[in-house]
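The values are calculated or read from the model by the stated rules, or taken from the named source; none is laboratory data. A quick note: this is a predicted structure, and the numbers were derived from the prediction, not measured. We work out accessible area using only protein heavy atoms, side chains counted, and drop any ligands, DNA or RNA first. Shrake-Rupley method; radii C 1.70, N 1.55, O 1.52, S 1.80 Å.
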Amino acid sequence: MEVSKELILNALWETLYMVSISLFFGSIIGIFLGILLVVTRKGHIYENRFIFSIVNPIVNIFRSIPFIILLVAIIPFTRLMVGTSIGTTAAIVPLVLHIGPYISRLVENSLLEVDAGIIEAAKAMGATPLQIIFRFLMPEAFASLILSITTATIGLVGATAMAGAIGGGGLGDVAITYGYQRFSTITIFVTVVILVIVVQGVQSLGNIFERKIRRV
């Protein structure tokens, strides 16, 4: 059975919707946690073993849970947040909880790559800790952060496909419902091709922005 063009386009829209909203909220959480993981570690500007010892394990726990398991495990929480556990909007809740900690580790790595001499120079100029974070650390790591967000976006595209396994909507749902369950090879092929194009497009845009930032 072949699916209609309208169904494919609608599924593509649902995938982009899930990715964009999840990426927005996941980035807010991830950037905040990533900064916290860096500045509260030993020897950094906001050294705080208590906060670090709480945030670090929490991030590790969420990072260690496979998305398909997280998707099912937090169904009661998802229902509490959006009133349902099925559909495109419901899939956003586990997607945010999945991608937020992932982004935090990417942000942490990007910020740790910044030369310690820059931080020392900022301190010597009398910069406050917040000024060091937002005027020195973040700008210096910006190009690397662009690639980190690009990587996270690609991971989200794959996660939305998995969300289709439990009725999350999007291209994954079409591939499973109309492709696998109805033995339509062409449907699976079309959805795979679209996903590959989306991923390639995201990666290309990320590379372009990263190169432009490094040249500035």
Kyte-Doolittle mean at least 1.6 and Cα axial length at least 27 Å: DSSP H helices in the chain: 5-39, 142-163
Distribution of pairwise C-alpha distances over the chain, 10 Å bins, in %: 8, 29, 30, 20, 9, 3, 0
Radius of gyration and Dmax over the Cα atoms of region 1-88, both given in Å: 18.3, 62
Carbon plus sulfur fraction of accessible area for region 98-216, probe 1.4 Å, in percent: 65 percent
Cα-based Kirkwood hydrodynamic radius, region 42-119, one decimal, Å: 14.5 Å
Residue-span extension gain [ARG214 to PHE134] - 0.36 nm each, minus C-alpha spacing: 27.0 nm
Whole-number accessible area per residue in Å² for region 84-216, which is evaluated in the context of all protein chains at 1.4 Å: 49 Å²
Residue with peak Gaussian network fluctuation, the chain [Cα springs, cutoff 10 Å], from ILE69, ILE35, ILE103: ILE69
As computed over region 164-213, the Cα convex hull volume per residue (Å³): 60 Å³
Relative contact order computed over the chain (Cα-Cα under 8 Å; 6+ residues apart), in percent: 28 percent
Ranked order, LYS212, LYS42 - accessible area, probe 1.4 Å, largest first: LYS42, LYS212
Per-selection Kirkwood Rh - region 117-212 (Cα, Å, 1 d.p.): 16.1 Å
